[in-house]
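Written out below as structure tokens is the structure these notes cover.
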Amino acid sequence: PATKRFHFNVEWKQVTRLCHTKPLLTVNGEYPGPTIAVHEGDHVEVEVTNRVARNTTIHWHGIRQYRTGWADGPAYITQCPIREGHTYTYKFSVVDQRGTLLWHAHFAWQRASVHGAFIIYPRLPYPFSPKIQAEIPIIFGEWWNGDVDAVESEMMLHGGGPNSSDAYTINGLPGPLYPCSAKDTFVRAVEPGKTYMLRIINAALNDELFFAVANHTLSVVEIDAVYTKPFSTQAIMIAPGQTTNVLITVNQAPDPSGMFPMAATPYVTSIFPFDNSTTLGYLKYRGPKSSDESSKPSVVVPNLPRMTDTPFATEFLNKLRSLATPQYPCRVPKAIDRRVITTVSLNLQDCPPNQTCEGLHGKRFYASMNNQSFVRPLMSILEGHYKNFTASQMLTSTFPERPPKEFNFTGVDPLAENMNTEFGSKLLVVPFGMNLEIVLQDTNFLNPENHPIHVHGHNFFIVGQGFGNYDANVDPAGYNLVDPPERNTVAVPIGGWAAIRFKTDNPGAWFVHCHLEVHTSWGLALTFIVPNGPGPSQRLLPPPDDLPSC
Ligand code: C2O
């Protein structure tokens, strides 16, 4: 194992897309940011210097951070923010993980432009064929013509929905379907006959996406840096925070231009104002045909599922399976010590007196888990936990383990029903080393999208998912305890539920939240605490000297 060092300067850079130029928050002036590439087992040190007049933090999404929660990154959960002019070095090891992940800022909506690929090369050869001749990172993002943090503060001030982004992007480029954007198109040359691995990352803030390449089949081999049983598909579905490796063999007769379009478009089940929302890029075949520079690429969008295609979404999710071989066993807990049932919900909150609110029916939008809207405390929860602060010193209280009421799936009347939430920094404390099941129940209220729920510090197994209300007497019988997919982010089906299992083997304070940034801002989050285990190698390490203070 080697130590790999990186330096990140968080800095402004003038960037132009859709003919709008603005200062964009970047790492080292790059958008998307620099790729971190390491090998399984490496020790990683990333020195992050904040050169902007805003607080920031960086999160290594999907890295287990075993005993090194201080390097996890979510602001006010595991650290105080890095202030202007300050530096913090994130130090952690990449243990027993391999594949594609992402890193991103974990403060306000900075993830919009502060993100990049985190690639872990395996120690052993890939457990699939054919041989990969090259790899192509495909990072989805969203571009706003205006300042993104302002979109969030505006939304929080008035209680309405956020302004949609102005474009989706592939590797920072919107592509030719947006106004004034044709020159900002991702084009990658490929050799006919070769097999490429696409490392696909969804860093978009607020939408789950479908992705396809015209006339080419995608073979899914890995999700969230865990190998899967390979399967072929015309399109993939990927939620914010998720990653997917697919193989593609360049074996088609190209159109006269030598170009094959690839595209991504969102999965949403109600009509959004923003539905011309397709980002397009190209694979350009090398060969005699593509040497004719005068030929124009066809702007034909690949055959993507339509935006509301829940049957495709369900079928795709059901195809995902752990590899589950002796080399890569599936460590799903067969039995559990505790089941926590929690709603994942959008809410309408009564408007405070003497204010105007811009959510539905003159109310404010919020979001919650078990009707608790998570409020970030003013200190780092991990630090408070490490120093044995009491709940009253930390201004935290206990997360209620059961939903406050049964939910009605025939349609909730937002005026008749009291949808008010409670606010607070609620902590769920679970013992070290237990097999925990969390059932995430969407309440189907106002919600047109899957909630991609991300768990920090642990991978989990998705043992079951379905539509309607979860039934603890019936649904566990249908669980997959043989080869369920292992991930760090699960898309909870619209109007349905997902059951996830994992062992609480990583001491620390861990954020759980919807990876749609708008829902995190509205409070769809909780933090759980895993105390130290009995063994000396089961304890959280002491905080680093340069840990930022609040
Ligand atoms: Cu990728 Cu808490 O986030």
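The values are calculated or read from the model by the stated rules, or taken from the named source; none is laboratory data. Remember, predicted model here, so these are calculated numbers, not experimental data. Please note: Cβ atoms are built from the backbone with ideal geometry, for glycine as well, and neighbour counts cover all protein chains shown.
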Filter region 504-533 for residues that are more than 15 Å from the ligand (Cβ to nearest atom) and part of a strand (DSSP E or B); the one that is nearest to Glu152 (Cα to Cα) is Ile529
Given (1) of a type in the set (Phe, Trp, Tyr); (2) within 23 Å of the chain's Cα centre (by Cα); (3) in a strand (DSSP E or B), Tyr88 misses just (2)
In region 103-158, residues that are assigned to a loop (DSSP other than H, G, I, E, B) and over 30 Å from His20 (Cβ atoms) total 12
Flagged in region 460-503 as within 16 Å of the ligand (Cβ to nearest atom) and not in a strand (DSSP E or B), in numbering order, are Asn488
If we keep only residues of region 219-243 that are under 15 Å from the mean Cα position of the chain (by Cα) and assigned to a loop (DSSP other than H, G, I, E, B), then the residue nearest to Arg487 (Cα to Cα) is Asp224
**Q.** Flag for His59 being within 14 Å of the ligand (Cβ to nearest atom) and either assigned to a strand (DSSP E or B) or surrounded by fewer than 16 Cβ atoms within 10 Å (Cβ to Cβ) (or both)
**A.** yes
Across (1) touching a Leu at 6+ places or on another chain (Cβ under 6 Å); (2) modelled with pLDDT under 95, Val114 clears everything bar (2)
Those residues of region 154-170 which are surrounded by 20 or more Cβ atoms within 10 Å (Cβ to Cβ) and either farther than 16 Å from Ser277 by Cβ or in contact with a Gly (Cβ under 6 Å, 6 or more places away or on another chain) (or both) amount to Met155, Gly159, Thr169, Ile170
The strands (runs of 3 or more DSSP E) lying wholly within region 338-394 that contain at least 3 residues that are of a type in the set (A, V, I, L, M, F, W, C) and more than 14 Å from Leu427 (Cα to Cα) are 338-349
From the option list Met237, Met259, Met197, single residue qualifying as among the aliphatic types (A, V, I, L, M) and at pLDDT below 95 is Met259
Based on what the data block shows, is Pro543 at pLDDT 95 or above, crowded, with 22+ Cβ neighbours inside 10 Å, away from the ligand (no atom under 16 Å from the Cβ) and more than 15 Å from Glu437 (Cα to Cα)?
no
Residues of region 62-113 being without any contact (Cβ under 8 Å) to a residue 40 or more places away in the chain and either within 13 Å of the ligand (Cβ to nearest atom) or in contact with a helix residue (DSSP H, G or I) (Cβ under 6 Å, 6 or more places away or on another chain) (or both), in sequence order, are Gly73
> Would you say Gly116 is more than 16 Å from the ligand (Cβ to nearest atom) and small (Gly, Ala, Ser)?
Replying inline: no
For region 315-332, the count of residues that are buried (at least 16 other Cβ atoms within 10 Å of the Cβ) and within 20 Å of the chain's Cα centre (by Cα) equals 5
When region 278-305 is checked residue by residue, the ones that are within 19 Å of Met237 (Cβ to Cβ) and at pLDDT 85 or above are Thr278, Thr279, Leu280, Gly281, Leu304, Pro305
Over region 418-451, the set of residues under 23 Å from Thr269 (Cβ atoms), within 16 Å of the ligand (Cβ to nearest atom) and either in a loop (DSSP other than H, G, I, E, B) or touching a helix residue (DSSP H, G or I) at 6+ places or on another chain (Cβ under 9 Å) (or both) is Asn450, His451
The condition of being crowded, with 18+ Cβ neighbours inside 10 Å, at pLDDT 90 or above and out of contact with any helix residue (DSSP H, G or I) (no Cβ under 9 Å at 6 or more places or on another chain) holds, among Thr265, Thr310, only for Thr265
Restricting region 244-259 to residues that are assigned to a strand (DSSP E or B) and surrounded by 18 or more Cβ atoms within 10 Å (Cβ to Cβ), the one nearest to the ligand (Cβ to nearest atom) turns out to be Thr244
